[in-house]
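Single-structure report; data block below.
The values are calculated or read from the model by the stated rules, or taken from the named source; none is laboratory data. Predicted model, so just to flag it, every value in this text is computed and none were measured. Heads up, the Cβs are rebuilt from the backbone with ideal geometry, glycines too, and the neighbour counts pull from every protein chain shown.
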Amino acid sequence: MQNTSHAVMAQRHETADSPDDFPTPPWATRALIEHVVGPAGLTDLSCLEPACGRGYMSRPLMEYFGTVQSSDAHHYGYGPVRDFLRYPFEALSHDWVITNPPFRLAEEFVNRALTVARVGVAILARTVFLESAGRYEDIFLPSPPTKFAQFVERVPMVKGRLDRKASTATGYAWFVWEKQAMTTPRLMWVPPCRKSLERDADYVAS
Ligand SMILES: C[S@@+](CC[C@H](N)C(=O)[O-])C[C@H]1O[C@@H](n2cnc3c(N)ncnc32)[C@H](O)[C@@H]1O
């Protein structure tokens with residue numbers, strides 16, 4: 001029998017040409033900084049959010065980084081329109097590249113981000129991104145992440161908007177590459193933090 005529960009139906013199934021427009025709840029980005037990367041010293045650094053959508057990840061990043069540059073291949077009225085995989089961002093031009101990319105292009109985003117970033121790359125992706133022989137050969141074997149940080153809470157994402165009441169059956173994790181510390185990957189967990197990192201203002205329509 002088909003499982004039509006709301007959580008299962010909320011999984012992301014997009015067509016091949018979809019922009020995969022699923023904004024990230026801002027608390028999940030704060031969780032990256034507070035529990036995975038650490039906020040120390042970030043005010044001196046720059047960050048690129050190259051698939052910014054409506055800016056729901058860029059805004060919390062601006063709470064920590066000295067500068068945040070944002071762009072997206074599609075027009076949402078936030079950053080300029082730039083395809084991250086084609087735009088000539090210079091190698092090592094930004095300290096960090098942080099984003100929640102379209103899932104079908106996540107592998108290409110990681111490889112491009114590792115060229116553009118000087119210090120580190122953080123990619124929010126479904127936990128299952130860790131799987132697949134293709135990604136193993138292309139990313140995880142030649143450039144293993146330094147941290148794999150699994151959310152213990154769910155990170156609900158809804159097409160085209162933020163919905164504080166949404167649920168999801170999909171697990172998410174931060175995949176982090178710290179270029180100056182390339183080492184054996186560290187498995188870690190993003191502890192329960194939604195309550196402490198979520199703000200009412202995050203859900204005010206932008
Ligand atoms: C899952 S959404 C995330 C949006 C935003 N990063 C956030 O977390 O709220 C993926 C975004 O990738 C953008 N996108 C898709 N293909 C892209 C590309 N080739 N270059 C840049 N952005 C792209 C989509 O338009 C969409 O805004």
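For the stretch 106-127, enumerate the residues that are within 16 Å of the ligand (Cβ to nearest atom), hydrophobic (A, V, I, L, M, F, W, C) and touching a residue at least 24 places away in the same chain (Cβ under 8 Å). Outline the logic, then answer.
Taking the stretch 106-127 and keeping what is within 16 Å of the ligand (Cβ to nearest atom), we get 106-117, 121-127.
This time we only want the ones that are hydrophobic (A, V, I, L, M, F, W, C), so: 106, 109-110, 113-114, 116-117, 121-125.
Those that are within 16 Å of the ligand (Cβ to nearest atom), hydrophobic (A, V, I, L, M, F, W, C) and touching a residue at least 24 places away in the same chain (Cβ under 8 Å): Phe109, Val110, Ala113, Leu114, Val116, Ala117, Val121, Ala122, Ile123, Leu124, Ala125.
Specify which of the listed residues (Leu92, Leu61) is among the aliphatic types (A, V, I, L, M) and on the phi > 0 side of the Ramachandran plot.
Numbers: Leu61 fails: on the phi > 0 side of the Ramachandran plot.
Leu92 is the lone residue from the list that is among the aliphatic types (A, V, I, L, M) and on the phi > 0 side of the Ramachandran plot.
Among the residues of the stretch 176-206, which ones are more than 16 Å from Gly38 (Cβ to Cβ), touching a strand residue (DSSP E or B) at 6+ places or on another chain (Cβ under 7 Å) and either among the basic types (Lys, Arg) or surrounded by 11 or more Cβ atoms within 10 Å (Cβ to Cβ) (or both)?
Pro185
Just need a number here: residues in the stretch 152-174 that are in a strand (DSSP E or B), at pLDDT 95 or above and either within 14 Å of the ligand (Cβ to nearest atom) or exposed (fewer than 15 other Cβ atoms within 10 Å of the Cβ) (or both).
Step one: list which residues in the stretch 152-174 are in a strand (DSSP E or B), which gives 158, 161, 172-174.
If we keep only those that are at pLDDT 95 or above as well, we get 172-174.
Those left that are additionally either within 14 Å of the ligand (Cβ to nearest atom) or exposed (fewer than 15 other Cβ atoms within 10 Å of the Cβ) (or both): 172, 174.
Number of matching residues: 2.
Let's see how each residue does on (1) in a strand (DSSP E or B); (2) surrounded by 19 or more Cβ atoms within 10 Å (Cβ to Cβ); (3) of a type in the set (A, V, I, L, M):
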{"site": "Val110", "(1), (2), (3)": "no, yes, yes"}
{"site": "Leu114", "(1), (2), (3)": "no, no, yes"}
{"site": "Leu124", "(1), (2), (3)": "yes, yes, yes"}
{"site": "Phe129", "(1), (2), (3)": "no, yes, no"}
{"site": "Glu137", "(1), (2), (3)": "no, no, no"}
{"site": "Ser143", "(1), (2), (3)": "no, no, no"}
{"site": "Phe148", "(1), (2), (3)": "yes, yes, no"}
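Return yes when Asp72 is among the acidic types (Asp, Glu), crowded, with 19+ Cβ neighbours inside 10 Å and farther than 21 Å from Arg154 by Cβ and no when it is not.
Details: among the acidic types (Asp, Glu): yes; crowded, with 19+ Cβ neighbours inside 10 Å: yes; farther than 21 Å from Arg154 by Cβ: yes.
Here the answer is yes, as Asp72 does meet what is asked.
What are the residues in the stretch 1-25 that are modelled with pLDDT of 85 or more and either over 14 Å from the mean Cα position of the chain (by Cα) or away from the ligand (no atom under 13 Å from the Cβ) (or both), if any? Can you show your working first?
Step one: list which residues in the stretch 1-25 are modelled with pLDDT of 85 or more, which gives 19-25.
Pro19 - this is the single residue of the stretch 1-25 that is modelled with pLDDT of 85 or more and either over 14 Å from the mean Cα position of the chain (by Cα) or away from the ligand (no atom under 13 Å from the Cβ) (or both).
With the structure loaded, tell me whether Arg86 is basic (Lys, Arg), within 9 Å of the ligand (Cβ to nearest atom) and over 22 Å from Val119 (Cα atoms) or whether it fails that test. Outline the logic, then answer.
Details: basic (Lys, Arg): yes; within 9 Å of the ligand (Cβ to nearest atom): yes; over 22 Å from Val119 (Cα atoms): no.
Criteria not met by Arg86.
Do we have any residue at all in the stretch 129-138 that's away from the ligand (no atom under 14 Å from the Cβ) and within 13 Å of Gly171 (Cβ to Cβ)?
Within the stretch 129-138, the first condition is being away from the ligand (no atom under 14 Å from the Cβ), and the residues that meet it are 130-138.
Okay, now just the ones that are also within 13 Å of Gly171 (Cβ to Cβ), so 130-131.
Yes, the stretch 129-138 has at least one match.
Need the failing condition index for Pro39 against (1) surrounded by 13 or more Cβ atoms within 10 Å (Cβ to Cβ); (2) within 19 Å of Trp174 (Cβ to Cβ); (3) at pLDDT 95 or above; (4) over 12 Å from the mean Cα position of the chain (by Cα), just the number.
Pro39 satisfies every listed condition except (1).
Look at the stretch 26-79 and say how many of its residues are within 12 Å of the ligand (Cβ to nearest atom), without any contact (Cβ under 8 Å) to a residue 40 or more places away in the chain, touching a strand residue (DSSP E or B) at 6+ places or on another chain (Cβ under 8 Å) and part of a loop (DSSP other than H, G, I, E, B).
Selection size over the stretch 26-79: 4.
So the check is Cβ under 7 Å with 6+ separation or different chains; which pairs have a first residue in the stretch 177-206 that's within 19 Å of Val152 (Cα to Cα) and of a type in the set (D, E, K, R) and a second one that's assigned to a loop (DSSP other than H, G, I, E, B) and modelled with pLDDT of 95 or more?
Arg186/Thr146; Arg194/Glu153
Name the single residue, out of those in the stretch 90-104 being modelled with pLDDT of 95 or more and within 11 Å of the ligand (Cβ to nearest atom), that is farthest from Gly160 (Cα to Cα).
Ranking the candidates gives Ile98 first.
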